[in-house]
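Since the structure comes first, as structure tokens, the remarks are kept for the end.
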């Protein structure tokens, strides 16, 4: 169970790092991102922002659901088991 806990916490940290990178790219290079997507898909700046923020929200929910909650469950289960 400890192995699963270590794997899920690493995946959680990597998922949050991905979200931070995505956020900073949107903040620092937002105009370049918009220009690239506008050429390809004919989107407004607002639509590009909504797509990115929705994607970040969806990714954050998935990271919390699939990595943080199992980590917490593994840790709670580990506290109840007698240590050998």
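Take every Cα pair under 8 Å whose residues are at least 6 apart in sequence, average their separation, divide by the length of region 2-78, and the relative contact order is 62 percent.
Stretched out fully, how many nm does the piece from residue 33 to residue 21 gain, at 0.36 nm a residue minus the Cα gap? Mind showing how you got there, number by number?
Values: separation 12, 0.36 × 12 = 4.32 nm, distance 1.37 nm.
Going from the current span to full extension adds 3.0 nm.
Taking one quarter of the surface of the convex hull spanned by the alpha-carbon atoms of the chain gives a direction-averaged projected area of 6.2 nm².
Pulled fully out, how much extra length does the chain show between residue 10 and residue 51, if you take 0.36 nm times their separation in residues and subtract their Cα-Cα distance? Working shown, then result.
On the way: separation 41, 0.36 × 41 = 14.76 nm, distance 2.69 nm.
Contour length minus Cα-Cα distance gives 12.1 nm.
Readers should treat all values here as calculations from the given coordinates under stated rules, not as data from a laboratory. A quick note: this is a predicted structure, and the numbers were derived from the prediction, not measured.
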